[in-house]
Structure formats: C-alpha cells, structure tokens
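Inspection log for the structure reproduced underneath, given as structure tokens.
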Ligand code: AMP
C-alpha cells in the first residue's frame, strides 16, 4: 500500500510518497511558486533514479499535482508504474474547527465544513482546499483523507480553551483556543513516552515545536491539555515573523502609528514581528545565531567584537518566552517528567536548547553540554547528571503521522 502525503500552501505543494509496509519514503518533492512561474524538485529515494530539479509552468495547484503524478510514474524519475499504485492521499489540513476531533475521509460534507473553517484560518484553509480539490480531480477513484493540525489538542479542557471574552463568540462563532502542530506534538510525545517506559498513564511532558512557527504543548497521560497557539497560529511564543502573545491593544496602537487598516496592521504582527522584528535582518535562526557570534554547528559562543546586539536580544527574547511558557505548563501538569525539543530549531540548534534549559535550572533541569552540542538527526537524550527532568531532542515526522492516519482510515 502506498500513501501520498500532500502539504499544500498558497503557492507551494510539498509531497512524500510512502510505502506503508516499510513506512519508507519512495519519493518526495516540492512544487514552488505555483501561480507565478513554477518550479518542481522531485527526489526519488533509494531506487537510483535521477532527481528532477527545474522550472516548470505551474499556473495552478491542479497542474502541480499533474506534474507530481507525471514524475512519480515516469521512466526517468519514477518510483511507481502507474497511478493505480497510489492507494490513498493524506492531506495536511491546518484547521478542523469544532467539528473534527480526528482525521476524516474527505467527502462533500468534509469539504463543506472546511469551507466553513476559512473564517478561522483564512490564510491556510483555502490553500489546503486547493490541494484537496486538485487531488480529487486528478485521482477521483483514490480515497483522500484530511489530517488536522488541530485535532491532537481536542482534549484541552474548557478552562484552557475558553478565552476571557464575551462567551457568545465561542457559542456563535466558534472562537476558542484550537492549537496547531498537533501531528508533531503527537509524534514526538509518543516517542518520549516510549523512552519513559511505554505507559502514557501518569506521564507529564512538555513538547516544544520550535521552527519558523513555534508552539508548546502540555501533555498529560499522552493527551494534550494545553498549547500555546490559539484560534490562529499567531498566539504563544515569539516566532520567525509572528509576534506571539502580546498586548492586544498593540493592534490599535500600531494602526494609529502607521495609519493602516486592521489587515495591514495584522500583517505587521504576522509577517514583520517575532525574531525578525527584533533583529531586523532575517527570521532565520541560523543567520541570527551567526550574527550574535554563535557557532551554529555546536552552539558555542565565539569571541566576536562585532556581535550584533539585536541578534542576541532576539535570541534572548525567544528563549526567555519559551522558558516562561514551560514554567507555566509545569504548573498546568503538576510536575514534569520530560521536556522535548523538535522542529527546525529544536532539532538543530544546540544554542537555543541550552539557552532555554539554563533558564530552567531553578526547577532542576540540567542538560549534558557535550550530548547537546550536535544536531538531533535521531532521538537525542541530552539529560544531564542530576537532572530532575529528562530532556530530549527528537526529529519530528508530521508526514509519517499523516500517512499512518490515512492508512488507518482507509483500511
Ligand atoms: P522549520 O519551520 O521546522 O522548518 O524550522 C525552520 C527554522 O529552523 C529556521 O528558523 C531555521 O533557521 C532553523 N534552523 C534550521 N537549522 C538550524 C541550525 N543548524 N541552527 C539553528 N537554527 C536552525
């Protein structure tokens, strides 16, 4: 059985084809600049076929899917003989609203609910729908499954998901904390539970998905009981370009300063804030750490007289805020067994992991600096001697979770 996993953005479409017997990737790739000029990078894995990496006309997501199918089945770049070898498609779907607490086989009713969710995720759901519709058109006989970023967080209790605003917005407009990165929090917390002995009951874990978008989850007995992102991915810790939790009055204040309407003002908070806003030159942690005089290969600090203060400040604000949320989740969980780092920064930045953990020394978190000084290409245990909390860096695999859920639903 082969499952094609699709992650559609507004001008991009990432894919991975899994052989579910082995859970190995047969091919992966990325369509970029859809609707502009178009580029496809397609990589067959492990069968000796060539990589395709070239500009290609991609006016819509439908052409992108056709190009992907053509490459997956072609003589030169292919990994399967024909379309009939794709048994199902799993779609990363950002929002499931209040209707979806688990992955779902896509039919007209699911499409209608997703269309209704556009008001909650106007930046993401339209792109997801373009990917879903393109696949349904190109592969009408192949079952399509939606796997939601929000569903792992459906176990969050009312007291944590209700905003202290007029209750009618929840009742009538579905405004509540939803949380995102659910497939990632679910995947890495399951691996942490295995390492803690395999029984979810009684475990208290905080997972830190630190990437371009970042969120934390408090996970008790294997279930999410709180998470930092909210009704949208803007809330929580500072991110690459998003501000995270700030005084909501800033919307009004920035609008007055800039003389802009709400939409443009929200663009400042979504696209020009976070570490980019503080540092000013890049949202990429590799650039920021380098500018701050940090060796990104092992997280050590170099003697650098021209180290950029604002780069260092951006890193400090980030690690401070992440540590602050971890502290609050220790209260939520009533203790902590394991702290897990994942995603681009969590897996690859020894400096950030240490900067966060150093702020947690007062509650008994100690890491092993030598074990920490590498990228986590596999499960990495960086717990130090005498630590009261296990500290892990675990590569996430959201695509595999989507493929597994898709298999479960179609079989
Ligand atoms: P993601 O959204 O999970 O792909 O993560 C992207 C983020 O991970 C970007 O800010 C990258 O700069 C960051 N990242 C990737 N590799 C490294 C590294 N070696 N050191 C620090 N940050 C990294």
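No lab work stands behind these numbers, since they all come straight from the coordinates. Given the structure is predicted, the values throughout are model-derived calculations rather than measurements. We place every Cβ from the backbone using ideal geometry, glycine too, and count neighbours over all the protein chains shown.
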Which three numbers, in whole Å and largest first, are the semi-axes of the equivalent ellipsoid of the chain derived from its Cα gyration tensor as √(5λ)? 33, 26, 24
Once both labels are modelled 7 Å past Cα along the beta-carbon direction, what's the residue 21-residue 118 spacing in nm? 4.3 nm
Please compute, over every Cα-Cα pair in segment 129-234, the percentage with a separation greater than 22 angstrom. 44 percent
Between 51, 401, 366, where does the largest GNM mean-square fluctuation fall for the chain, given springs only between Cα atoms within less than 10 Å? 51
Compute and list, largest first, the equivalent-ellipsoid semi-axes of segment 122-182 from the alpha carbon gyration tensor, each √(5λ) rounded to a whole angstrom. 31, 14, 9
Using every Cα-Cα pair within segment 148-307, state what percent have a distance larger than 25 Å. 45 percent
Can you give me the pair-distance distribution of segment 189-277, C-alpha pairs, 5 Å bins, whole percents? 3, 14, 20, 17, 13, 11, 9, 6, 5, 3, 1, 0
Taking only the Cα atoms of segment 280-411, how large is their convex hull per residue, in Å³? 140 Å³
As a check on your grasp of the helix formula, calculate [θ] at 222 nm for the chain: sum -39500 (n - 2.57) over DSSP H runs of n ≥ 4, divide by the residue count, round to the nearest 500. -10500 deg cm²/dmol
When only C-alpha pairs under 8 Å and at least 6 residues apart count, what is the relative contact order of the chain, in percent? 13 percent
Antiparallel bridge percentage (DSSP; both residues within the chain; nearest 5): 70 percent
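For a quick check: sort 243, 135 by the number of other beta carbons within 10 angstrom, fewest at the front.
243, 135
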A correct fewest-to-most ranking of 239, 266 by other Cβ atoms within 10 Å would be 266, 239
So what's the gap between the Cα centers of segment 334-368 and segment 169-234, to the nearest angstrom? 16 Å
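Starting with the highest mean, order 63-69, 109-115 by the number of other Cβ atoms within 10 Å, averaged over the residues of each peptide.
Numbers: 63-69: 22.1, 109-115: 16.0.
The most tightly packed comes first, giving 63-69, 109-115.
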When N is the residue count of segment 15-150, what does its C-alpha Rg come to as a fraction of 2.2 N^0.38 Å? 1.08
Per-selection metrics, segment 84-172 (Cα): Rg and Dmax in Å: 14.8, 52
Please rank 58, 120, 83, fewest neighbouring Cβ atoms within 10 Å first, as an exposure proxy. 83, 120, 58
Over the alpha-carbon set of segment 253-331, divide Rg by the Kirkwood Rh and report the Rg/Rh ratio to two decimals. 1.09
Residues of segment 299-342 with amide N under 12 Å of the 7 Å Cα→Cβ point at residue 378: none
